[in-house]
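Notes for the one structure printed next.
The values are calculated or read from the model by the stated rules, or taken from the named source; none is laboratory data. Everything quoted here is computed from the prediction, not taken from an experiment. Here the Cβ positions follow ideal geometry from the backbone for every residue, glycine too, while neighbour counts run over all protein chains shown.
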Amino acid sequence: MFERLHRRKKHLVLSGPHTQPLFMMDKAGFLDRLGKENVCANIGLALDRARQILGLPPRRRAIRC
């Protein structure tokens with residue numbers, strides 16, 4: 001899937017991958033090809049990364065009580 005997206009000049013951003021698959025992706029060299037900046041700890045950070053890739057301004061943060 002990554003190769004197909006890459007050929008089409010699309011991006012892949014991972015959100016919250018589990019430790020063991022993340023370890024295997026790193027060991028296989030996949031994270032170097034993907035770019036470690038495209039592996040995000042949670043969906044909020046993944047959305048921030050997607051906005052950055054698209055050249056959009058950062059999302060507004062919700063105010064918490």
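Before moving on, here are some points about what is shown:
- Of L56, L45, all but one fail to be more than 20 Å from H6 (Cα to Cα) and either surrounded by 13 or more Cβ atoms within 10 Å (Cβ to Cβ) or among the charged types (D, E, K, R) (or both); the exception is L45.
- Within the range 4-18, not a single residue is modelled with pLDDT of 95 or more, surrounded by 13 or more Cβ atoms within 10 Å (Cβ to Cβ) and part of a helix (DSSP H, G or I).
- Top-ranked residue of the range 23-65 - restricted to ones that are assigned to a helix (DSSP H, G or I) and among the basic types (K, R), ranked as farthest from V13 (Cα to Cα): K27
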